[in-house]
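Below is one structure; the comments refer to it alone.
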Amino acid sequence: MTAQRLFIPFILFLVIAFLIGPFLIIVAASFSAGETLAFPPQGFSLRWIAKVFTVESFRASFGMSMFLAIGGTAAALILGIPASYALSRYKLPGAEIVRTVVSAPIIVPGIIVGLALLRYIVVPFQVGITLALFLAHTALVLPYAVRVVSASLENLRSDIEEAAVLLGSSRLGAFFRVVMPNIRGGILSAFILGFVTSFNQVPVSLFLSGPGVRTMPIDMIAYMEIVFDPSVAALSSLLAFMSIGIVFAAERFLGFSRYV
Amino acid sequence: MSDASYLSLSKLTLAYGDTPAVPDLDLDIRKGELIALLGPSGCGKTTTMRAIAGLMPVKSGRVSLDGADITRVPANKRAVGLVFQSYALFPHLTVYENVAFGLKLKGMRGNELDAKVQSGLKSVGLSTFANRRPAELSGGQQQRVALARSMVMEPKVLLLDEPLSNLDARLRLEMRTELQRVQKETGVTMIFVTHDQAEALALADRIVVMKAGKIEQIGSPEDIYSRPTSSFVADFVGFENIFQLDQGKLQTSAGLVDLSSHAPSAAGLAWRPRMVTLGSGPYRGTVRGTSFAGDSREYLLDTKLGPIKAEVDASQPAHALGAELAFDLPVERAALLSRFG
């Protein structure tokens, strides 16, 4: 009886340990006083966390990743919101095909997307690295934008737009006056999801990064190949806490989990 | 424009893509009238209402309002209000902001706006709810907000889609009274769509019964209730014994019964169960079923005329199943139907 009662909590503990364990190890390693990335950490210091801010390439790649995450997600939303609206409000021929194509980047492995973009878009058309990364991240985030915004549009009755029109608003005005305010939570959720997805993206960026232009995760991989000190762990911890902070704030203020 | 055609639909044809919904509809509505569009679902009543609002493109024909052709006028410039069946309140706005929505679009601001919104809320008894969100209101309250939101715009015509169908019995009576009061106080022309004959009879000045996109009958509630002119309308308002006449003769399993002296031109006759005389008369039937409904009792009779439904006061002695009864269908009380089918 006692053994049975302890069994489930024990399994639960193992699962959580498996999920969170590596993260805790990284966080612990980033406070190490030692010279190499190791666990258990040797002593305690904040020097590696301080060092993160002094590495020139980290600053550049962080800037690039922020640009891609914010700009790419914004572009995906600018394309995705009207697309979601059209898909949910009009009976369009081929709507299902559009939905499937839009979702493709989620299903197709990133390595393949990256290779395909490199081979068939970037090389033949001589697209610049920054532009290529921007387009790739926009395409990668688009499925999340369409999916999350669609979900909140489905929950919104379409007759409120007609009500707004009968009260004197134009069709477009009705969209901005009564549709947008009611899907704001969905749009913000899509933005956060897109931001995190883009920021943590490795395989596609790996193919498209070039000399002097790297995203944060790619730069971290490159750094680790040369220097094996705990500053990468420190940086990882900082980024992880940034993501957690964003998701926590979103959940707290917007009820993020309702839309995802 | 004459008084009789404040709102006028002429040869109005509506379609969903290639599927025709309403062909060649003609309807004239007087200023200040309270009209019910009555019919079963799919009869085109909602489509017609949406065309009046400008939410449904007109394929051909004309809609005119207050002397102006509005067939091609967009919905937001028509001065037509619509209270949706679902109320369609804006969930992100308070009750106050919902009512102010249209007025603000008109450019109204400041004290004028506030006074107008307050009086709109007061007229539906929701002044104390101004700062609530729609989700915090009951269905009946939401509907009153929707009504106020449309009425503050001072529409020339107010359309209501199934205004009482989402309310419980007590609220239904309340809302019915409320709509009649608003109509009387403002003199607005009101058209409401319903599938419930009781609702139409209780509320409307005039009822338009529709079937398959066409008008079956237009008349006062008394006309529709007592003098249906087609078998469809008769059936819809509760005439359960409906017979087709062939040259004034009623076909029965015992041969033809000649009624041409009573109803020379009628295509059919109809009786409510209440109108059937039970216990005496020229016909005979066997009781096949009986049901008790408080103050009355209903019998289903097997007769040579076919099945007959009769209703009598419960105070009369009950008849057992299988009993053979004499009955009469008094022709002078029957509704004379000019169209059958």
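The values are calculated or read from the model by the stated rules, or taken from the named source; none is laboratory data. All values derive from a computational prediction rather than experimental measurement. Counting neighbours? That spans all protein chains shown, and the Cβs are built from the backbone with ideal geometry, glycine included. Remember, those area values only see protein heavy atoms, side chains included, never the ligands or the DNA or RNA. Shrake-Rupley method; radii C 1.70, N 1.55, O 1.52, S 1.80 Å.
Could you tell me whether segment B:200-333 comes out rounded, prolate or oblate from its Cα gyration tensor? Rule is a ≥ b ≥ c as square roots of the eigenvalues, rounded for a/c under 1.5, then prolate if a/b exceeds b/c, otherwise oblate. Taking the square roots of the gyration eigenvalues as a ≥ b ≥ c, segment B:200-333 is oblate.
Once the C-beta distance of B:E97 and A:S103 is scaled by a Förster radius of 35 Å, the resulting FRET efficiency is 0.40 to the nearest 0.05. Per-residue ellipticity at 222 nm, computed for chain B from helices alone with -39500 (n - 2.57) per DSSP H run of at least four residues, works out to -7500 deg cm²/dmol. Relative contact order for chain B using alpha-carbon pairs under 8 Å, separation at least 6, rounded to a whole percent? Once divided by the residue count of chain B, the mean separation gives 16 percent.
Of the residues A:G94, A:S57, B:S296, the one whose Cα sits farthest towards the positive end of the charge dipole of the protein assembly as shown is A:S57 (charges of +1 on Lys and Arg Cβ, -1 on Asp and Glu Cβ, taken about the Cα centre). Our coupling estimate for segment B:205-222, obtained by passing each phi through the Karplus curve with A = 6.51, B = -1.76, C = 1.60 and θ = phi - 60°, is 7, 9, 10, 10, 8, 10, 8, 6, x, 10, 7, 7, 7, 10, x, 5, x, 5 Hz, Gly and Pro reported as x. At an R0 of 22 angstrom, the distance between the Cβ atoms of A:A17 and A:N200 translates into a FRET efficiency of 0.50. Simple rule: put +1 on each Lys or Arg Cβ and -1 on each Asp or Glu Cβ in the protein assembly as shown, find the dipole, and look at B:V331, B:L38, A:T197; the Cα lying farthest toward the positive end is A:T197. With contacts taken as Cα pairs under 8 Å at a separation of at least 6 residues, chain A carries a relative contact order of 31 percent. Cross-linked pairs B:K122/B:K184; B:K31/B:K77; B:K211/B:K249; B:K11/B:K106; B:K214/B:K309; B:K45/B:K116: Cα-Cα separations exceed 24 Å for B:K211/B:K249; B:K11/B:K106; B:K214/B:K309; B:K45/B:K116.
For segment B:117-124, the Karplus equation 6.51 cos²θ - 1.76 cosθ + 1.60, evaluated at θ = phi - 60°, returns couplings of 5, 4, 6, x, 5, 5, 5, 10 Hz by residue, with Gly and Pro reported as x. The phi torsions of segment B:287-295, fed into the Karplus equation with coefficients 6.51, -1.76 and 1.60 and a -60° offset, translate into couplings of 5, 9, x, 8, 9, 9, 10, x, 7 Hz, rounded to whole numbers, with Gly and Pro shown as x.
Stretching B:D223 away from B:S119 to a fully extended chain increases their span by 33.7 nm, per 0.36 nm per residue minus the current alpha-carbon distance.
Take each residue in B:87-99, count the other chain C-beta atoms within 10 Å of its C-beta, and the mean is 4. Orientation-averaged projection of segment B:3-227 equals 12.4 nm² [convex hull of Cα atoms, one quarter of hull surface area]. Oblate is the label for segment B:21-79, because a/c, from the alpha-carbon gyration tensor with a ≥ b ≥ c as root eigenvalues, is 1.5 or above and a/b does not exceed b/c. Taking label points 7 Å from Cα along the Cα-to-Cβ direction, A:I226 and A:L24 give a separation of 3.5 nm. Seen from B:L105, the other residues with C-beta closer than 15 Å to its C-beta sum to a net charge of +4, counting Lys and Arg as +1 and Asp and Glu as -1.
Residues in chain B average 45 Å² of solvent-accessible surface per residue, probe 1.4 Å, ligands and nucleic acids excluded.
Put simply, the amide H of B:E216, placed in the peptide plane, has neighbours under 5 Å in B:V209, B:M210, B:K211, leaving out anything fewer than 5 places away on its chain. Taking chymotrypsin sites (Phe, Trp or Tyr not before Pro) as exposed when DSSP calls them loop and at most 10 other C-beta atoms lie within 10 angstrom, chain A has its longest site-free stretch at A:91-260. Label-to-label distance, A:R157 versus B:Y16, with points set 7 angstrom from Cα along the beta-carbon direction: 1.9 nm. Taking packing as the residue-averaged number of other Cβ atoms within 10 angstrom, the listed peptides B:318-325, A:209-216 run from highest to lowest as A:209-216, B:318-325. Close amide H contacts of B:F192 (hydrogens built in the peptide plane, cut-off under 5 Å, sequence separation of 5 or more or a different chain): B:I35, B:A36, B:L37, B:L160. Taking every residue in A:175-187 and counting other chain Cβ atoms within 10 Å of its Cβ, the average works out to 2. Across peptide A:34-44, the average count of Cβ atoms from other chains found within 10 Å of a residue's Cβ is 0.
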